[in-house]
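Okay, so here's the structure we're looking at.
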Amino acid sequence: MPSPNPSDSRRQFLWGSSLALLTAALPQLPVWGQARRSSAAAPTPAAPPSPAPTGAVPPTAAEALAQLKTGNLRFQKGQLTHPNETLKRRRDVALKQAPFATVLACADSRESPELIFDQGLGDLFVARTAGHVLDNAVVGTLEFAVAELQVPLLVVMGHQRCGAIKATLQAVATSKIAPGSLETLVDGVRPAVLLAQGEGDERFTSVVKANVRITIERLQNSRLLAQAVTAGQLQIVGAYYQLDTGVVEFLS
Ligand SMILES: [Zn+2]
């Protein structure tokens with residue numbers, strides 16, 4: 001069992017703390033960034049860094065992105081390796097997680113990030129809602145990944161034939177209110193419909209990609225996420241998943 005270090009203690013504290021405490025830590029983000037780059041900034045003598053659970057956690061956004069692309073290539077070809085799904089891995093990450101990427105995706109049953117990127121336990125920190133529509137809980141989840149887990153890459157991923165996009169297109173076309181809380185999803189996606197281009201499938205795809213870009217823009221409203229991007233601690237990228245081919249296209 002790995003010995004606890006100051007970082008672990010801080011994480012356990014934050015896990016058990018209120019959201020207000022996490023929010024209170026926001027102004028300290030630049031300090032956190034400095035501490036991450038140099039252990040000399042730690043208030044107490046730092047223990048040697050705990051080995052990453054996988055032994056191969058990419059330390060940069062570029063390397064994290066490369067790992068996702070490699071995993072998706074395996075998925076496309078049907079050459080899955082199912083990494084990090086062993087009993088040993090389960091035990092290794094039981095006390096500490098160090099995911100290398102965060103994925104905000106649609107809740108659609110066909111675009112599970114761990115599957116389409118061929119990753120295992122403890123590799124990805126995932127948040128999912130229909131149409132990857134944001135609310136405060138989702139933004140807080142992503143902020144936690146960045147501020148506490150120091151994940152360097154955030155992928156916002158839409159997909160082909162998204163039901164949330166379809167429902168919004170229908171709602172806009174018919175001017176009808178969606179039932180129940182579905183209207184919340186429609187409201188979230190509606191601005192992307194206004195940016196639709198082309199006809200048919202091309203139009204649908206353009207709305208999906210616009211919805212990804214709008215979601216990324218909205219994430220800039222999070223002071224914590226925006227500061228992390230500015231400080232070079234976080235890269236946010238958009239992605240489009242094709243159900244037919246298994247290809248994840250990363251959007252520039
Ligand atoms: Zn969807």
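Some notes on this structure:
- Volume in Å³ per residue [convex hull over Cα atoms, computed for the stretch 90-247]: 122
- R0 of 30 Å, Cβ-Cβ distance Arg110-Leu87: FRET efficiency to nearest 0.05: 0.60
- Computed on the stretch 171-239, with alpha-carbon pairs under 8 angstrom and 6+ residues apart, the relative contact order is 20 percent.
- Label-point separation, Glu199 to Glu217 (7 Å along Cα→Cβ), nm: 2.7
- Burial ranking of peptide ranges 227-234, 82-89, 196-203, 208-215 (average Cβ count within 10 Å, highest at the top): 208-215, 227-234, 82-89, 196-203
- Rounded to whole numbers, the Karplus 3J(HN,Hα) couplings from phi for the stretch 211-224 are 5, 5, 5, 5, 4, 4, 4, 5, 5, 5, 6, 7, 4, 5 Hz, using 6.51 cos²θ - 1.76 cosθ + 1.60 with θ = phi - 60°, and x at Gly and Pro.
- Counting Lys and Arg as +1 and Asp and Glu as -1 over every other residue whose Cβ lies under 12 Å from the Cβ of Gly120, the net charge comes to -2.
- Close amide H partners of His159, meaning residues 5 or more places away or on another chain with modelled amide H under 5 Å apart, are Tyr241.
- FRET efficiency for Ile177 and Ser252, using Cβ-Cβ distance with R0 set to 45 Å, rounded to 0.05: 0.80
- Under 5 Å from the amide H of Leu153 lie the amide H atoms of Thr102, Gln235, each residue being 5 or more positions distant or on a separate chain, with H modelled from the backbone and absent for Pro and chain starts.
- Solvent-accessible area, 1.4 Å probe, carbon plus sulfur percent, for the stretch 130-252: 51
The values are calculated or read from the model by the stated rules, or taken from the named source; none is laboratory data. Bear in mind the structure is a predicted one, so any value in this text is a computation, not a measurement. When we count neighbours, we look across all protein chains shown, and the Cβ atoms used for this are built from the backbone with ideal geometry, even at glycine. These accessible areas exclude ligands, DNA and RNA; they are computed on the full protein's heavy atoms, side chains included. Shrake-Rupley method; radii C 1.70, N 1.55, O 1.52, S 1.80 Å.
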